[in-house]
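The block underneath contains the structure these notes are about, expressed in structure tokens.
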Amino acid sequence: MIDFTIPADLAAERDRVRRFVIDKIVPFERDPRLTSHGPTDELRQELVELARAEKLLTVQAPEELGGRGLTHIEQAVIYEAAGWSTLGPVAMNCAAPDEGNMYLLSKIANPDQIDRHLMPAINGHQRTVFAMTEPDGAGSDPNQLATEAVFDGENFTINGRKWLITGANGAKTWIIMARVAPNPHVPDGPTLFLTDGDQPGIVIERTMNTMDRNYVGGHGVVRFENLVLPKESLLGDTGQALRYAQLRLAPARLTHCMRWLGAAERAQSIAVDYAKTRTAFGKPIGEHEGVSFMLADNEIALHQCRLTIWHACWLMDQGEKARHESSIAKSFVSEELFKVADRCVQVLGGIGISDETVVEMIFRDMRAFRLYDGPTEVHKYAIGRRVLR
């Protein structure tokens, strides 16, 4: 039997996180260092130190690595509170892509890689990237991976081009997916590599102009030009990248949903306050059926999204992989929360399309959320295949 009761200590921590975000982080939403390409590294570090002072930094990390070892359900409760501001997860070091990358590294990195790459990320001292998506290759279908790694028995030489690489500018740790070419030394196929971001051969061509601005460093176009990595740079075994990526993707889909649920709640709160005070045709607009129904639809959607997230989290906490349920959650929640943000813009009227409130930014970022970790159509395709088995 599923128990929907939030334990008192978890509820208290949720409230503490929400208060921290409102009091300490929300004021930075007007900071000029929150640019069209996301927060700068300088702003990120300032926010991280605020979270560190409150002992709220990287709380999701395993206990043996300095975190609290939160269950998936506990993460859902805390991340929703953090998501009240899009800068909340940045401050608490539980934003994408770092949160998912840290999770992956905690599962498959060797002790040397943990010391060199994972611990500095957990401690908030450096950022990470996951370089998979390609302009003409891997994306929704990672089997189209075109970036190639040639192995001579000692070193891998990687060549290829990636784009939409979140946080590429300034990231210290890189997880790179490339296809190992057939060779007499190791199995070939899609493989993960772990390396420093300042290696010769990693060329950041430019930062793309995108509608979202909540990820540090924005989204980069990257070229690997004869990037030479020793065999010690392997993350796990050769040919196993797609299997390893699945370790990261199911939880990462859900953590996206958790954080954006918090942002949608924020938008709803702003719309409700406005509907109570803005008048038209002789009464507050919230008393007009057209507006009250939109707010009611939002409340229904927020509730449904929360329960969908919690169910998938509960399954994972029981030891299930929950790939099917996480796909359901990602496709449903991303679509519903975008509708919530859209209705909030509509309730706010003219100011809804301006930066007088954060709803406009949430709306744009929420549109991008529908594509993160697989667009809705890819998840529905997977869901449909299972239904038709």
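The values are calculated or read from the model by the stated rules, or taken from the named source; none is laboratory data. As the structure is a computational prediction, the values presented were derived from the model and not from experiment. Cβ: placed from backbone, ideal geometry, glycine included. Neighbour counts: every protein chain shown. Accessible surface areas use protein heavy atoms only, side chains included; no ligands, DNA or RNA. Shrake-Rupley method; radii C 1.70, N 1.55, O 1.52, S 1.80 Å.
What to note about this one:
- Residue list for region 33-76, filter: among the polar types (S, T, N, Q) and either assigned to a helix (DSSP H, G or I) or within 16 Å of residue 17 (Cα to Cα) (or both): 45, 58, 60, 75
- Of the residues making up region 177-223, those that are of a type in the set (Asp, Glu), in a strand (DSSP E or B) and open to solvent by less than 50 Å² (accessible area, probe 1.4 Å) number 1.
- Complete set of residues in region 137-176 that are farther than 25 Å from residue 121 by Cβ, assigned to a loop (DSSP other than H, G, I, E, B) and at pLDDT 95 or above: 146, 152, 153, 154
- Given (1) aliphatic (A, V, I, L, M); (2) open to solvent by 10 Å² or more (accessible area, probe 1.4 Å); (3) without any contact (Cβ under 8 Å) to a residue 40 or more places away in the chain; (4) touching a Leu at 6+ places or on another chain (Cβ under 9 Å), number of the condition residue 65 does not satisfy: (3)
- Contacts under 9 angstrom Cβ, first residue in region 99-128 being at pLDDT 95 or above, partner of a type in the set (Val, Ile, Thr) and surrounded by fewer than 17 Cβ atoms within 10 Å (Cβ to Cβ), 6 or more apart: 105/114; 106/114
- Flag if residue 360 is within 30 Å of residue 30 (Cβ to Cβ), open to solvent by less than 60 Å² (accessible area, probe 1.4 Å) and either more than 23 Å from the chain's Cα centre (by Cα) or not β-branched (Val, Ile, Thr) (or both): yes
- For residue 389, the criteria (1) outside any helix (DSSP H, G or I); (2) under 17 Å from the mean Cα position of the chain (by Cα) hold in every case but one, which is (2).
- Whenever a residue of region 130-145 is in contact (Cβ under 8 Å) with a residue 12 or more places away in the chain and farther than 18 Å from residue 101 by Cα, its partners that are surrounded by 13 or more Cβ atoms within 10 Å (Cβ to Cβ) and not hydrophobic (A, V, I, L, M, F, W, C), lying with C-beta atoms within less than 6 angstrom and at least six residues away or across chains, give the pairs 134/162; 145/137; 145/179; 145/190.
- Criterion: open to solvent by 30 Å² or more (accessible area, probe 1.4 Å), of a type in the set (Val, Ile, Thr) and in contact with a Phe, Trp or Tyr (Cβ under 7 Å, 6 or more places away or on another chain) - qualifying residue of 147, 133: 133
Rundown of residues vs (1) in contact with a helix residue (DSSP H, G or I) (Cβ under 6 Å, 6 or more places away or on another chain); (2) closer than 24 Å to residue 313 by Cα, yes/no style:
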{"site": "75", "(1), (2)": "no, yes"}
{"site": "82", "(1), (2)": "yes, yes"}
{"site": "96", "(1), (2)": "no, yes"}
{"site": "137", "(1), (2)": "yes, no"}
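- Pairing each residue of region 216-227 that is of a type in the set (Phe, Trp, Tyr) with any residue that is at pLDDT 95 or above and open to solvent by less than 10 Å² (accessible area, probe 1.4 Å), provided the two are 6+ apart or on different chains, yields C-beta distances under 8 Å for 224/147; 224/158; 224/162; 224/176; 224/178.
- In region 246-259, the residues that are within 14 Å of residue 379 (Cα to Cα) and touching a residue at least 24 places away in the same chain (Cβ under 8 Å) form Cβ pairs under 9 Å with partners that are of a type in the set (Lys, Arg) and surrounded by fewer than 22 Cβ atoms within 10 Å (Cβ to Cβ), at six or more places apart or across chains, as follows: 246/321; 246/323; 249/323; 250/321; 250/323.
- Residue count, region 265-316 (criterion: open to solvent by 60 Å² or more (accessible area, probe 1.4 Å) and part of a helix (DSSP H, G or I)): 14
- Residues of region 150-170 satisfying the condition of being open to solvent by 10 Å² or more (accessible area, probe 1.4 Å) and touching a residue at least 40 places away in the same chain (Cβ under 8 Å): 151, 154, 155, 157, 159, 160, 161, 163, 164, 166, 169, 170
- Complete set of residues in region 77-91 that are more than 13 Å from the chain's Cα centre (by Cα) and not in a loop (DSSP other than H, G, I, E, B): 77, 78, 81, 91
- Any hit, region 312-325, residues being in contact with a Lys or Arg (Cβ under 7 Å, 6 or more places away or on another chain), closer than 28 Å to residue 142 by Cβ and acidic (Asp, Glu): no
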